[in-house]
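Following: one structure in C-alpha cells, then a few remarks.
The values are calculated or read from the model by the stated rules, or taken from the named source; none is laboratory data. It should be emphasised that the depicted structure is a prediction, and the values quoted were computed from it without experimental measurement. Positions of Cβ are generated from backbone atoms using ideal geometry, with glycine treated the same way; all protein chains shown enter the neighbour counts. In case anyone asks, the SASA skips ligands and DNA or RNA and just uses the protein heavy atoms, side chains included. Shrake-Rupley method; radii C 1.70, N 1.55, O 1.52, S 1.80 Å.
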Protein chains: 2
Amino acid sequence: MTVEQQFLDYVKKIGAYNEALGVLYWDMRTGAPKKGLDQRSEVVGVLATDVFNLSTSDELKGLLDKLELTLSAADEVTNRVFEEVKKQYDLSKKIPAEEYKKFVILQSKSESVWEEAKATNDWAKFMPYLKEMVATLKQFVNYWGVKDDNPYNILLDQYEPGMTTEVLDQVFGELRSRIVPLLKKITESPNQPKTDFLFKHFDKQKQEAFSLDVLKQLSYDFDAGRLDETVHPFATGLNRGDVRITTKYDESDFRSAVFGTIHECGHAIYEQNVSEELTGTPLAGGASMGIHESQSLFYENFVGRNPKFWEQNYEKLQSYSPEQFGDVSIEDFLRAINEVKPSFIRIEADELTYALHIMIRYEIEKGLFNGDLKVEDLPDIWNAKYEEYLGIRPETNAEGILQDVHWAGASFGYFPSYALGYMYAAQFKAAMLKDIPNFDELFEKGDLSPIKAWLTQNVHQYGALKKPLDILKDATGEGLNGNYLADYLEEKYTKIYQL
Amino acid sequence: MTVEQQFLDYVKKIGAYNEALGVLYWDMRTGAPKKGLDQRSEVVGVLATDVFNLSTSDELKGLLDKLELTLSAADEVTNRVFEEVKKQYDLSKKIPAEEYKKFVILQSKSESVWEEAKATNDWAKFMPYLKEMVATLKQFVNYWGVKDDNPYNILLDQYEPGMTTEVLDQVFGELRSRIVPLLKKITESPNQPKTDFLFKHFDKQKQEAFSLDVLKQLSYDFDAGRLDETVHPFATGLNRGDVRITTKYDESDFRSAVFGTIHECGHAIYEQNVSEELTGTPLAGGASMGIHESQSLFYENFVGRNPKFWEQNYEKLQSYSPEQFGDVSIEDFLRAINEVKPSFIRIEADELTYALHIMIRYEIEKGLFNGDLKVEDLPDIWNAKYEEYLGIRPETNAEGILQDVHWAGASFGYFPSYALGYMYAAQFKAAMLKDIPNFDELFEKGDLSPIKAWLTQNVHQYGALKKPLDILKDATGEGLNGNYLADYLEEKYTKIYQL
C-alpha cells in the first residue's frame, strides 16, 4: 500500500469514530432515555479518546513525515487533507499533554459554572473561570509560536481559515457605519409593524407538517436526512448521505420552527452536496464556520424571508393555523416577520441588528488577546457597547455578558463567523443574480432547484478543498465585500419601513 | 492499579464499543436515511474490528494470565467476568485467523444467498453454502478440542451455557409426548374459534397508543427506554438505563404489534433490571438466550394472553377500534387470540405448536453434527418431520427448510433456546404462584409490579452472574422440568376448546 493510501485510510478511521460520535450525540439530543446517559457518556469518552489519540499519535506523525516527501506527486484532495491534518496535529502537539488535560477539565467545569451563573445572574461566580480560560488560551497561543503581535489571528484562523483582524476591522467598520444610521431611521419610523399575531397558538403537529413541506420545496433530500425535534435546533452531517436536521416547536411563536428549520436546512444542504470524493475526510464538513453560516443564512433570509416565497406559501400557512392568520394580510405578515428591534439577546436578534451583536463580541475578544482589556471590566464594556451600537443597555449580566456559552467553552474567535456568514451570503446572492437573473421567478414556478444547483456548483461541492476566501473569490469575482449586505439591508428596510 | 481493575477497565472498553455499535444498529433499523448506510457500514466495520481485536489481543491474554493467579481473592463479579471473557477468548483464538476470516466472508455471503434462495424458492442455490457452513463449523468444533463424541453440545453451550443433548432429548421427548396428542384433540375439536375479526383494519396510530398504554401497565420504564417502529421487532439493551423496544404495526393484524410489543417488553424489562454492578460487562446482557426468551414469553403468554389481563383492557381495545371489536364478546376475543392451528412458519406459530417447530430444527442440527445426516437430504427430512409432528407437509422449500435465517448465519445451537424459553417461563410461573398465590388478582387491582419484582428478584438482577440452570434451580427449587409447560398447555386448551 502506498503511503498516500495508508495516510488516507488512517484519516478515514478517525472520520469513522467521529461519525459514530455524531450518531451518539444526535441520539442523546433527540430522545435517548435519560437513565442511560451516564453510561453513554462513558462510551462517548472512549470514542473521543480514540479520536484524540489517533490525531496526535506517533504513527500519524510518521505518516505525515513520509507523505510530505512525495506530496508534490499526490492529488489535490490528498494535499488538502494532509494540510488540514498536519495543522491540527501541530496545534495539538505543541501543547504539553498535562496542560491540555487541565484545559479540558477547565473547559467542562467552566461550562457548568457558566450555566449556573447565567441562571442566577452571578457574574462574580463565572469571572474567575473566564479569567483562567483567557490566560490558558494566551499560553496556548504562545506555544503555537505566534510572533506577529496579533495573537487573536490564530484563534480566528481556527474557525475561519485565513481571516485576520485587519480584514474584519475594515469590513465590520464599513458595515457598522451603514447599519447604525439605518437602525436609527428604522426605530424612529412611524411605520412599525403589527406583530401580536406572531405569538398566537400554532399547533405543534401543524408546524411540523408545514416545516416538512418547506424542506421539500428547498430540495432537502429526505433519503439523505431526517427532521427531528430538539430543545436547541441543529444540523449534523454524519456523512453526505445522512445529514440530519432538528428543530424546536414553540406553540406561542411559530417562527422558531419555521425559520429555524429553513436555517438548519441551509447547513444540511451544504453537507449533502459536498463532493463524494471527500467522504470520510475532514474536508467533508465544509470550508469554515463562516461559509457554513452563509449557506444557512442564504436559505433563511433570501429564501425564507423573501416575499416571493410567501406568495407561494402564505395560504398554506394560513390553512395550518387559520385562527392565527385568517385575517392577517400577506403584507402585514411580511412586515411582521421582518421586524427590526434592538434587543439584548443575540440569538433572538433580527437580520439587521445581528451583526452589531457580533461586532461587540469581536471587539471584546480582540481587546482581550491583542490589547489590554481585563476580564474584570467586561460587564461595563459590554453594556457601554450595547448602548453605543444598539441604543439599549442591559440591566442584568444574564442578558448581557453572561448570555453566550462560547467563552465558557473556550470558543474565542468563533463569533465573527456569524457576521461573516451574513456578508458571504449577500455577496453570493449578488453573484447568483448574474447567473440567475430571474431569481424571483423561480418561486412563482415552484422550482427552487436552480438555487441549490448554483450553491452546489460554487460552494457545496468543494467542502474544505478550497479555502473560504478562495471560494468567495471564485464564486463572486472579488474578495470579502460587506457592501452587498449593507445594500441589501438598506433596500429591504427602506421599503418595509417606508423610510 | 490492580490487575483486577485493569482487567475490568479493559472489558468495559470492549463494552463501550459494543454499546456504540448497539446505537448504530438501532439507528440503522429505526430510521437512518438510506443514502448514508454504505458509509455507516464502514463505521460499523471499524468499531466491530476494534471489538474483535480487543477480544483476541495479546494484552487481554496477559491480563487473563495475570488475573488467573489471584482470582481466588477477587469478588464474584470479577470471577464470572473472567470466566466469560476467557471462554470467548479461547473459542476465538483456537481458530486460525485465516480460517476465521474465510468464515466471516462465508457467513455474510451465505446470508445474502439465503435471502435470494428463500425469495425464489431455490434450495439448490443455498444448499452448497449450507454444506460449507456445516463443514466449517465441524472444523471449528475440532479446533475447540471436543472429544466426547457430542460436538453439538459445544454449539448448544454458546447459546445456553450448560445445556446438553442429554437434557434436551429427555425434556423435548416428554413434552412432545404430551403436545402431539393434545394438538390432535384440538384440531379434531368441533369448537373452533371465530377469527375473522382479527384481520379487520386497526389504525396504526391507535395501535401505537394502545401499545404504549400496555407498556406502562407492564412496568416498562420509559425513562430507561423508548418504543419505535421497525420491520422486524426487537429489543436492544444498550445499557440498563437504555433498553429500547421496537414493534411492527400491521393494520390488517393488530396482534403483531400488541403481542410483539408485550414480548419485546419482557426482554427489555429483563435488561432494565440487571444489577447495576454488572454495567458495561458482558454479564449485563442476561444469562442465556433461553432465559431471555423465558422473560419475553412470560409477559407475552402469562400476562398478554391472560383472560384477567383482557378483562381490564378489552374495553380500551374496543374503543381504539370500535368497528372491529364492537360486536365481539371478550370470550370470543380470548378464544381467537388463543387459536391453535398447525402452520408451516415458525414465527407465526401459536403457543402450543411452537415447540414442535423447534424440535424439528433441533433434531436436524443434532443429526448434522452428532450423526450422519447430510445437508442434501434436509428438505425431505424437514417435510417428513412436519408431517409427523404437525400433521402438515410444506409444499415449497420457501415455507420449509428455507424459512429461517439462522443456519445461513451460522447460528447452529440457537433454536433450542426458544423452546427452553417456554419451559423456563412455565416453570417460573409455577414457582411465582407459590409466592404470589393471588396472581390473577393483580390484574383486577391494576398493579402488575409484583410480577416484575418477583422476576427481578429471581432472574433479572443476576444477569449472567449465575448460569441458566442455576437461576432456574434457585428460583424454582428444581432442574429443568417440561411438565409445567405441558400442564399449563393442557389445562388452558382443554378449557378453550372444551376438550
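Output the residue which, of all residues in segment A:318-344 that are in a loop (DSSP other than H, G, I, E, B) and farther than 15 Å from A:Leu198 by Cβ, is least open to solvent (accessible area, probe 1.4 Å). Applying the filter and picking the extreme gives A:Pro342.
Listed here are the residues, each with its yes/no results for (1) in the same structural domain as B:Glu208 (by TED's automatic domain parsing); (2) more than 19 Å from the chain's Cα centre (by Cα); (3) within 14 Å of B:His263 (Cβ to Cβ).
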residue: B:Thr281; (1), (2), (3): yes, yes, no
residue: B:Ala287; (1), (2), (3): yes, no, no
residue: B:Phe298; (1), (2), (3): yes, no, yes
residue: B:Glu339; (1), (2), (3): yes, yes, no
residue: B:Pro342; (1), (2), (3): yes, yes, no
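Please tell me if B:Thr56 is more than 11 Å from chain A (Cβ to nearest Cβ), open to solvent by less than 30 Å² (accessible area, probe 1.4 Å), farther than 22 Å from A:Gln39 by Cα and among the hydroxyl-bearing types (Ser, Thr, Tyr). Taking the combined requirement at face value, the residue satisfies it. Among the conditions (1) in a helix (DSSP H, G or I); (2) in contact with an Asp or Glu (Cβ under 8 Å, 6 or more places away or on another chain), the only one that B:Ile347 does not satisfy is (2).
Within segment A:225-246, residues that are without any contact (Cβ under 8 Å) to a residue 12 or more places away in the chain have Cβ atoms under 6 Å from residues that are open to solvent by less than 30 Å² (accessible area, probe 1.4 Å) in no pair, counting only partners at least 6 apart in sequence or on another chain.
Do we find a residue being touching a Ser or Thr at 6+ places or on another chain (Cβ under 6 Å) and not basic (Lys, Arg) anywhere in segment B:354-362? No, that holds for no residue. Screening B:Tyr143 on (1) in contact with a Lys or Arg (Cβ under 7 Å, 6 or more places away or on another chain); (2) open to solvent by less than 40 Å² (accessible area, probe 1.4 Å) shows it passes everything except condition (2). With the checklist (1) within 14 Å of A:Glu251 (Cα to Cα); (2) free of Cβ contacts under 8 Å to residues at least 12 places away in the same chain; (3) more than 14 Å from every other protein chain (Cβ to nearest Cβ) in hand, flag the one item A:Gln205 doesn't pass. For A:Gln205, the exception is condition (3).
Taking B:Gln461, is it part of a helix (DSSP H, G or I) and either modelled with pLDDT under 95 or open to solvent by 50 Å² or more (accessible area, probe 1.4 Å) (or both)? For B:Gln461, the condition - part of a helix (DSSP H, G or I) and either modelled with pLDDT under 95 or open to solvent by 50 Å² or more (accessible area, probe 1.4 Å) (or both) - is met. Of the residues making up segment B:299-317, those that are open to solvent by 60 Å² or more (accessible area, probe 1.4 Å) and out of contact with any helix residue (DSSP H, G or I) (no Cβ under 6 Å at 6 or more places or on another chain) number 3.
Residues that are within 14 Å of chain A (Cβ to nearest Cβ) and open to solvent by 10 Å² or more (accessible area, probe 1.4 Å) within segment B:224-268 comprise B:Arg226, B:Leu227, B:Asp228, B:Glu229, B:Ala235, B:Thr236, B:Gly237, B:Leu238, B:Asn239, B:Arg240, listed in sequence order.
Might you check whether a residue that is under 30 Å from A:Leu465 (Cβ atoms) and either open to solvent by 40 Å² or more (accessible area, probe 1.4 Å) or of a type outside the set (Gly, Ala, Ser) (or both) occurs anywhere in segment A:114-130? Checking segment A:114-130: not a single residue is under 30 Å from A:Leu465 (Cβ atoms) and either open to solvent by 40 Å² or more (accessible area, probe 1.4 Å) or of a type outside the set (Gly, Ala, Ser) (or both). Set side by side, the residues B:Glu19, B:Glu111 differ, and just one is surrounded by 14 or more Cβ atoms within 10 Å (Cβ to Cβ), within 14 Å of chain A (Cβ to nearest Cβ) and of a type in the set (Asp, Glu), which is B:Glu19.
Is segment A:34-48 home to any residue that is modelled with pLDDT under 95, open to solvent by less than 50 Å² (accessible area, probe 1.4 Å), within 14 Å of another protein chain (Cβ to nearest Cβ) and closer than 25 Å to A:Leu156 by Cα? Yes. Within segment A:387-404, the residues that satisfy the criterion of being over 14 Å from A:Ile358 (Cα atoms) and either in a loop (DSSP other than H, G, I, E, B) or not acidic (Asp, Glu) (or both) are A:Gly391, A:Ile392, A:Arg393, A:Pro394, A:Glu395, A:Thr396, A:Asn397, A:Ala398, A:Glu399, A:Leu402.
Scanning segment A:357-366 for residues that are open to solvent by 10 Å² or more (accessible area, probe 1.4 Å), under 30 Å from A:Leu469 (Cβ atoms), in the same structural domain as A:Leu168 (by TED's automatic domain parsing) and not hydroxyl-bearing (Ser, Thr, Tyr) turns up at least one hit. Applying a threshold of 6 Å to beta carbon distances and a minimum spacing of six or more residues, or different chains, the list of pairs starting in segment B:133-144 at a residue that is closer than 14 Å to B:Leu91 by Cβ and ending at one that is loosely packed, with under 15 Cβ neighbours inside 10 Å and of a type in the set (D, E, K, R) reads B:Tyr143/B:Lys94; B:Trp144/B:Lys94. Checking B:Tyr220, B:Tyr152 one by one, the residue that is in the same structural domain as B:Ser411 (by TED's automatic domain parsing), under 30 Å from B:Glu387 (Cβ atoms) and either open to solvent by 30 Å² or more (accessible area, probe 1.4 Å) or in contact (Cβ under 8 Å) with a residue 24 or more places away in the chain (or both) is B:Tyr152 and no other.
Per-residue answers, yes or no, for (1) assigned to a helix (DSSP H, G or I); (2) without any contact (Cβ under 8 Å) to a residue 60 or more places away in the chain:
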position: B:Trp407; (1), (2): no, no
position: B:Leu420; (1), (2): yes, no
position: B:Leu455; (1), (2): yes, no
position: B:Glu478; (1), (2): no, yes
position: B:Asn481; (1), (2): no, no
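In segment B:63-90, of all residues being open to solvent by less than 30 Å² (accessible area, probe 1.4 Å) and farther than 25 Å from A:Val43 by Cβ, the one that is farthest from the other protein chains (Cβ to nearest Cβ) corresponds to B:Leu71. For segment A:380-403, residues that are open to solvent by 20 Å² or more (accessible area, probe 1.4 Å), within 22 Å of the chain's Cα centre (by Cα) and under 20 Å from A:Tyr152 (Cα atoms) total 0. Only one of the numbered conditions (1) open to solvent by less than 10 Å² (accessible area, probe 1.4 Å); (2) closer than 28 Å to B:Leu175 by Cα; (3) touching a residue at least 24 places away in the same chain (Cβ under 8 Å) is not met by B:Phe443, and that is (2).
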